[in-house]
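First up is the structure itself, then whatever we jot down about it.
The values are calculated or read from the model by the stated rules, or taken from the named source; none is laboratory data. Just so you know, these numbers come straight off a predicted model, no measurement behind them. Counting neighbours? That spans all protein chains shown, and the Cβs are built from the backbone with ideal geometry, glycine included.
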Amino acid sequence: MTGTLGLVGGAEFTPACEAIDRALLAAAPTDRVVVLPTAAAFEHPDRVLDRANHWFAGLDASMVGCRVLGRPDALAAEHIDVVRASGFTYLAGGSPMHLRSVLKATPLWDALVAAWRDGGVLAGSSAGAMVLTDPMVDPRGGAFTLGLGLIPRLAVVPEAEQWHHERMHRTLGLAKGFPLVTLATGAALVRCDDGRWVAHGDVGIYVDGGPAALDVLPSVL
């Protein structure tokens, strides 16, 4: 059993994501959202949490900030317990490389995966979406690197409309043997708890450089 998974193209906690956030809240067993600003550790994480708090209050939900900013925080029992008990966990955007380095092979990552497998909702926006896959797009050049691997054999390009054509062409050319998903800002790809994939907004799916359909996405996680 797993819960719902949302891969969001960016602009989290803004009107661009209202439709997808309402859909994720409807799928969650709770209206309490645990937000990790880890990827924004060097970009005013408290502002991310303030924005999230205001945003979810407007959606008749509550927000709990989990200030996991460095690797020691991902080993702290108080954070692990919050994430393990969460029915809806949200990974905000920022640096995917930092987010990966903080969460990889930690008890907090194990708790996050366990909460999702127990039927909770897990959402990641921008960097938060990128790290959940393996391979992961390396934002420094558009090649591929190791991700956290919750979703194997898949890669995600968020905020795809901001990518230069040549950079996107290179990334598509390197994506061999696995689907590559492009997400416009505010768009989302959702894996429902019954295993179905649903696209919201401007979502592109490619295999070996050519367009493909939803049915090429991993069906078993």
Fill in: Matching residues, the range 1-23, being farther than 11 Å from residue 193 by Cα and among the aliphatic types (A, V, I, L, M)
7, 8, 11, 16, 19, 20, 23
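Regarding residue 128, is this residue out of contact with any Phe, Trp or Tyr (no Cβ under 7 Å at 6 or more places or on another chain), surrounded by 15 or more Cβ atoms within 10 Å (Cβ to Cβ) and not in a strand (DSSP E or B)?
Numbers: out of contact with any Phe, Trp or Tyr (no Cβ under 7 Å at 6 or more places or on another chain): yes; surrounded by 15 or more Cβ atoms within 10 Å (Cβ to Cβ): yes; not in a strand (DSSP E or B): yes.
Considered against the rule, which asks whether it is out of contact with any Phe, Trp or Tyr (no Cβ under 7 Å at 6 or more places or on another chain), surrounded by 15 or more Cβ atoms within 10 Å (Cβ to Cβ) and not in a strand (DSSP E or B), residue 128 comes out as yes.
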Fill in: Filter pass, residue 76 being of a type in the set (A, V, I, L, M, F, W, C), surrounded by fewer than 20 Cβ atoms within 10 Å (Cβ to Cβ) and under 25 Å from residue 190 (Cα atoms)
no
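Could you tell me which of the residues 188, 184 is closer than 18 Å to residue 4 by Cβ, touching a residue at least 12 places away in the same chain (Cβ under 8 Å) and either loosely packed, with under 15 Cβ neighbours inside 10 Å or touching a helix residue (DSSP H, G or I) at 6+ places or on another chain (Cβ under 8 Å) (or both)? Don't jump to the end; show me each part of the working.
Working: 184 fails: closer than 18 Å to residue 4 by Cβ.
After applying the criteria, what remains is 188.
Of the residues 220, 113, which is at pLDDT below 90, out of contact with any helix residue (DSSP H, G or I) (no Cβ under 7 Å at 6 or more places or on another chain) and of a type in the set (Val, Ile, Thr)? Even if it seems obvious, please write down each step before you answer.
Numbers: 113 fails: at pLDDT below 90.
Only one candidate passes the filter, namely 220.
State whether the residues of the range 48-57 include one that is among the hydrophobic types (A, V, I, L, M, F, W, C), out of contact with any Pro (no Cβ under 7 Å at 6 or more places or on another chain), more than 19 Å from residue 10 (Cα to Cα) and assigned to a helix (DSSP H, G or I).
Of the range 48-57, the ones among the hydrophobic types (A, V, I, L, M, F, W, C) are 48-49, 52, 55-57.
Restricting the remaining residues to those that are out of contact with any Pro (no Cβ under 7 Å at 6 or more places or on another chain) gives 52, 55-57.
Cutting the leftovers down to more than 19 Å from residue 10 (Cα to Cα) gives us 57.
With the extra rule that they be assigned to a helix (DSSP H, G or I), the set shrinks to 57.
Taking every residue of the range 48-57 in turn, at least one turns out to be among the hydrophobic types (A, V, I, L, M, F, W, C), out of contact with any Pro (no Cβ under 7 Å at 6 or more places or on another chain), more than 19 Å from residue 10 (Cα to Cα) and assigned to a helix (DSSP H, G or I).
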Worksheet entry | Subset of the range 17-54 (residues that are within 28 Å of residue 71 (Cβ to Cβ) and charged (D, E, K, R)) | 32, 43, 46, 47, 50, 51
